[in-house]
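The values are calculated or read from the model by the stated rules, or taken from the named source; none is laboratory data. Note that the structure is predicted; figures quoted are calculated from it, not measured. For neighbour counting, all protein chains shown are included, and Cβ atoms are generated from backbone atoms with ideal geometry for every residue, glycine included. The protein model used for the area step is the full one, side chains on, heavy atoms only, and it has no ligands, DNA or RNA in it. Shrake-Rupley method; radii C 1.70, N 1.55, O 1.52, S 1.80 Å.
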Amino acid sequence: MDETTFKINLVEDEETLASILKAYMEKEGWEVSVFHTAEEAVKYMHNGVHLWILDIMLPGMNGYDLLKKIKENHSEQPVIFISARDQDLDKIIGLELGSDDYLAKPFLPKELVIRAKKLLHRVYGNGIHESMLVISKYQIDVVRRKVFDEEDHVIDLTTKEFDVLLYLVENANVAKSRKEILKEVWGKDYVGSDRAVDDVVRRIRRKLSRLSLETVYGSGYRVVS
């Protein structure tokens, strides 16, 4: 993994603890994004993260529900659960839902770093090629968030272009409405015209001319594999 920095999404509502954990992980050279609610974290579901660290007890949507969403969208992304509640029960439920590791509060920040290191090595030890999607001879590197043509040249995409492309490719052959795309990529709190989707799709078509990105009238858009 020398070509990229590990990206960690930390979802923890205790601000002091979140700051301490963020500092410890950043000492490892990792890029850490902190979210204090699951609702906030969901908006960044497709930001090419390598590891999620979730507290179970969160205001609003809890960690279990967030874990389900992560695994539905990115089953390959590892997750560490942390909780101060009934340890055995939380551990069993978390593992059943797809969590890769579990840490009971209170714990030493260094212990979390050690667990995270082991998990990252286990998942990405052989490099990032496992997170490569191929469609219409384009290679989409989910981890580094880059798209390559068949001659291995990088195609320059904006954040929104990449996110919409990834969402449609991950749901290939399924029509997605503007409303669904807006909710997934822009977030449920987006206020504005759904024509923002049309604009991004138009730019994707221009940049990836071989991609079969269809307009499904009355439904939205669909990438055909």
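Among 145, 178, 202, the largest mean-square fluctuation in a Gaussian network model of the chain (Cα springs under 10 Å) belongs to 202. For region 154-161, the Karplus equation 6.51 cos²θ - 1.76 cosθ + 1.60, evaluated at θ = phi - 60°, returns couplings of 6, 9, 6, 10, 6, 4, 5, 4 Hz by residue, with Gly and Pro reported as x. Accessible area per residue for the chain, computed on protein heavy atoms with a 1.4 Å probe, is 51 Å². Here residue 176 is the anchor, and the lysines within straight C-alpha reach of less than 27 Å, apart from those fewer than 8 places off in the same chain, are 43, 68, 69, 71, 137, 146, 160, 188, 207.
Annotation: amide H-H contacts under 5 Å for residue 146 (H modelled 1.01 Å from N, sequence separation of 5 or more, or interchain): 141. Hey, if you put +1 on the Cβ of every Lys and Arg and -1 on every Asp and Glu Cβ in the chain, which of 108, 190, 221 ends up farthest toward the positive end of that dipole? Of the options given, the answer is 221. Sequence-ordered 3J(HN,Hα) estimates for region 69-83 from the Karplus curve with 6.51, -1.76 and 1.60 and θ = phi - 60° stand at 5, 4, 5, 5, 8, 9, 4, 7, 7, x, 9, 10, 9, 10, 7 Hz, glycine and proline given as x. Surface composition of the chain: carbon and sulfur make up 48 percent of the accessible area, probe 1.4 Å. Select from region 19-61 those GluC sites (Glu not before Pro) which occupy a DSSP coil region and have at most 14 other Cβ atoms within 10 Å, ordered by residue number. The qualifying sites are 28. Mean-square fluctuations from a GNM of the chain, with a 10 angstrom spring cutoff on Cα atoms, peak among 172, 41, 116 at 172. Overall, the ratio between the Cα radius of gyration of the chain and 2.2 N^0.38 Å, rounded to two decimals, is 1.07.
Across region 195-206, rounded Karplus estimates of 3J(HN,Hα) from the backbone phi angles (6.51 cos²θ - 1.76 cosθ + 1.60, θ = phi - 60°) give 5, 4, 5, 4, 5, 5, 4, 4, 5, 4, 4, 5 Hz, Gly and Pro being marked x. Region 44-77 to region 145-164: how many Å between their Cα centroids? When both Cα centres are located, 24 Å separates them. Take each peptide in 180-189, 206-215, count the other Cβ atoms within 10 Å of every residue, and average; sorted highest first, the result is 180-189, 206-215.
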